[in-house]
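Here the structure is laid out as structure tokens; the discussion comes afterwards.
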Amino acid sequence: MNQPTGGFHQRLQALSPRQQQAFMAALCERLLPNYVLYAQMTGAGNPAGVKAILDLVWEQLAVREARIDFERQAEKLAELEPPADDDSFGARRAVEVVVALSSLLDTLRGESPDAVLEVSRISKGGVRAFVELTEGEENASKLSQLVREHPLMADENDFQDAALEAAEGQLDRDSLKALRQLGRNDGISNLGLEVG
């Protein structure tokens, strides 16, 4: 398998807008269980609402003629964000899901050239926060090494590489379906958490 030239970020930026959207949708799919878990634990949020918006994104990717009002979807999504005064770990991860999906919607509304990098960073940032929380290492340089070498971060990097590789190909219905399946990751989120 010959690796495409250029670093990860260059390759992301070289994707067509539709390929970038497919990449972001796969990442959002993998982030979604974090929102679902937050909602299950707190009773706040609306996983079905978030999922419905993500479903519309996949529909738009699969059916180019689909006429979906993403302005309206963005408004709906904003209402599904966890309460601003909830600063819990779960709420922050749920907010990441909303922010990532919101960035994706921005691109569908024709804005936001850096959204693809933002969504990639959001997903990695959540993993970093989780590792920092669970490892409890005070020393900053030790902690950043722990994060880099942590199995969850390795898994995150592998996942983003696989999603990027899939998005770089021809995006017909079957490959979109496969990319979505990859994103669903058997219901396990980027933090290794599974919805019960």
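Just so you know, all these numbers are worked out from the coordinates, no wet-lab data involved. Please read all numbers here as calculations on a predicted model, not as lab measurements. Glycine also receives a Cβ, built like all others from the backbone with ideal geometry; neighbour counts cover every protein chain displayed.
Per residue of region 128-144, in order, report the coupling 6.51 cos²θ - 1.76 cosθ + 1.60 (Karplus, θ = phi - 60°) as ³J(HN,Hα) in whole Hz, putting x for Gly and Pro.
4, 4, 5, 5, 4, 5, 7, 8, x, 8, 7, 5, 4, 6, 5, 5, 5
How far, in nm, would the chain grow between residue 145 and residue 193 when pulled straight, counting 0.36 nm per residue and subtracting the alpha carbon separation?
15.1 nm
Between residue 133 and residue 48, what FRET efficiency comes out of the Förster formula 1/(1 + (r/R0)^6) with R0 = 30 Å and r the beta carbon distance, rounded to 0.05?
My answer for the efficiency is 0.60.
Set the Förster radius R0 to 25 Å, insert the Cβ-Cβ distance between residue 78 and residue 121 as r into 1/(1 + (r/R0)^6), and round the FRET efficiency to 0.05.
FRET efficiency, residue 78 to residue 121: 0.75.
Can you give me the Kirkwood hydrodynamic radius for the chain, using every pair of distinct Cα atoms, in Å to one decimal?
Every distinct Cα pair counted, the radius reaches 17.1 Å.
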